[in-house]
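Presented below is the structure to which this report refers.
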Amino acid sequence: MALRKRLRPPRQPRPARRLPQALIIGVRKCGTRALLEMLYLHPMVQKASGEVHFFDRDENYALGLEWYRSKMPLSFKGQITIEKSPSYFVTPEVPERVRAMNSSVRLLLIVREPVTRAISDYTQLRSRATPSAPAHPALTAHPASDAAKPFEHLAISPDGSINIAYRPIAISLYHAYLHRWLEVFPREQILVVNGDLLIEDPVPQLRRIEKFLGLEHKIGRKNFYFNETKGFYCLRNDTTDKCLRETKGRKHPRVDPAVVTKLRKFFIQHNQRFYDLVGEDLGWPE
Ligand code: A3P
């Protein structure tokens with residue numbers, strides 16, 4: 001018996017579907033897809049393919065954790081599974097639900113300069129808000145009738161005040177959502193990633209993230225090349241080169257510089273509240 005035991009071949013490690021140990025919680029249009037794809041260059045990272053929307057959509061949450069697990073990729077022991085759904089950040093129920101799954105989950109929050117983010121959001125909503133486009137939850141904030149309106153008319157009310165009811169502006173008020181996460185998770189469990197720096201030079205940002213996730217440093221310059229036509233870095237591993245889809249890195253419409261200045265001024269105090277919450281000044285222009 002003992003001999004037979006000794007002769008048994010060594011056990012092959014078996015992949016399994018595991019609940020995510022890290023989540024990219026948002027913010028939409030700040031580079032959430034780029035961040036996930038870049039992290040996936042790491043051999044110890046596995047990613048859920050689509051946005052699962054488990055924690056923010058009641059109909060999905062009602063299906064339970066085993067349903068969520070079934071949406072996860074296969075991973076080996078020691079690998080980290082990451083899922084991203086940018087609407088997690090702004091949905092009130094999500095922090096508590098995430099904690100109920102795993103109170104030590106690591107959270108990645110990618111942000112961009114708020115006015116740039118708002119214009120990016122407008123650009124995306126406008127591109128989808130055609131009468132023939134299929135219904136999408138985000139469109140309730142941007143009906144087809146808004147499609148033809150310039151950003152300036154949506155972001156600024158007729159009386160000249162900032163239209164904070166306009167979703168692209170509201171979502172850029174990061175502190176308004178972050179405080180809820182900080183009531184549920186300790187600050188050290190949330191890494192704030194500067195999305196503007198990730199666009200400019202991804203490697204130093206990824207190094208920080210690898211450290212935060214407890215991963216060995218593996219993603220380096222060899223994994224990126226700058227694509228002049230796209231105007232962004234594209235990704236490279238041993239077998240393929242890949243740029244993000246054309247819906248990532250869209251051309252933004254020209255926005256009246258006076259409106260940009262007005263919005264930047266409006267955001268100063270809100271950005272300061274965000275810096276105070278995260279304990280870091282992101283240096284956004286005033
Ligand atoms: P724009 O299309 O407005 O430029 P998300 O994935 O969260 O929707 O974010 C989309 C944004 O990711 C894009 O907004 C783009 O600026 C940014 N981004 C960051 N790195 C990128 C990359 N390497 N390639 C393409 N887009 C990138």
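The values are calculated or read from the model by the stated rules, or taken from the named source; none is laboratory data. Everything quoted here is computed from the prediction, not taken from an experiment. Using ideal geometry, Cβ is built from the backbone for each residue, glycine included, and neighbour counts are taken over all protein chains shown. Remember, those area values only see protein heavy atoms, side chains included, never the ligands or the DNA or RNA. Shrake-Rupley method; radii C 1.70, N 1.55, O 1.52, S 1.80 Å.
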query = Is segment 19-27 home to any residue that is within 14 Å of the ligand (Cβ to nearest atom) and surrounded by fewer than 20 Cβ atoms within 10 Å (Cβ to Cβ)?
reply = no
query = Quick one: in segment 72-99, which of the residues that are open to solvent by 10 Å² or more (accessible area, probe 1.4 Å) and over 23 Å from Gly214 (Cβ atoms) is nearest to the ligand (Cβ to nearest atom)?
reply = Pro86
Single unsatisfied condition, Ala16 versus (1) surrounded by fewer than 16 Cβ atoms within 10 Å (Cβ to Cβ); (2) near the ligand (Cβ under 9 Å from one of its atoms); (3) not acidic (Asp, Glu) = (2)
request  = Please specify each residue of segment 204-217 satisfying the condition of being more than 12 Å from the ligand (Cβ to nearest atom) and either of a type in the set (A, V, I, L, M, F, W, C) or more than 21 Å from the chain's Cα centre (by Cα) (or both).
outcome  = Ile209, Phe212, Leu213, Leu215, Glu216, His217
message = Restricting to segment 127-153, name every residue that is within 16 Å of the ligand (Cβ to nearest atom) and at pLDDT 95 or above.
response = Phe151
ask   = In segment 29-48, how many are assigned to a loop (DSSP other than H, G, I, E, B), surrounded by fewer than 22 Cβ atoms within 10 Å (Cβ to Cβ) and within 14 Å of the ligand (Cβ to nearest atom)?
value = 2
ask   = Within segment 219-254, can you find the residues that are more than 10 Å from the ligand (Cβ to nearest atom), open to solvent by 90 Å² or more (accessible area, probe 1.4 Å) and assigned to a loop (DSSP other than H, G, I, E, B)?
value = Glu228, Thr229, Asp238, Thr239, Arg254
request  = Would you check if there is a residue in segment 180-187 being of a type in the set (Phe, Trp, Tyr), open to solvent by less than 30 Å² (accessible area, probe 1.4 Å) and out of contact with any Ser or Thr (no Cβ under 9 Å at 6 or more places or on another chain)?
outcome  = yes
query = Among the residues of segment 259-281, is there at least one that is more than 16 Å from the ligand (Cβ to nearest atom), touching a Phe, Trp or Tyr at 6+ places or on another chain (Cβ under 7 Å) and open to solvent by 70 Å² or more (accessible area, probe 1.4 Å)?
reply = yes
